[in-house]
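Single-structure report; data block below.
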Amino acid sequence: GGIAQVDMELDQFSQEFRLVSPIDGNFDYAVGALFQTSDLIDRGDLGVIPRPTASTASSMDQNTRDISVYGQLGYDYGPFRL
């Protein structure tokens, strides 16, 4: 026989802002920012009976936050692109 109990919560949020120029001129650009956050909580116990060596108790808590800013510039100069 066996017993199993698993609790889990997960929250995620992601947002990106980007500004891109028109590509019809000699100069173009792209700039942006990304924000992402996530939370994870796992309070679950997993018990297997009658084999106590395989029994597991776990408690997990995870927080993640990512912030990124990026940009790109381009310029057409004759046959060259900078």
Using θ = phi - 60° and Karplus 6.51 cos²θ - 1.76 cosθ + 1.60, couplings along region 61-76 (whole Hz; Gly, Pro as x): 9, 9, 10, 9, 9, 10, 10, 9, 10, 9, x, 8, 10, x, 9, 8
Solvent-accessible area of Phe80 with every protein chain in place, 1.4 Å probe, in Å² to the nearest 10: 130
Net +/- balance of residues flanking Asp42 in space, Cβ distance below 9 Å, scoring K and R +1, D and E -1: -2
Per-residue SASA entry for Ser59, accessible area with 1.4 Å probe, Å² rounded to 10: 110
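The values are calculated or read from the model by the stated rules, or taken from the named source; none is laboratory data. Computed from a predicted structure; not experimentally measured. FYI the Cβ positions are ideal-geometry reconstructions off the backbone, even for glycines, and counts take in every protein chain you see. Just so you know, the surface numbers come from the protein's heavy atoms only, side chains and all, with ligands and any DNA or RNA stripped out. Shrake-Rupley method; radii C 1.70, N 1.55, O 1.52, S 1.80 Å.
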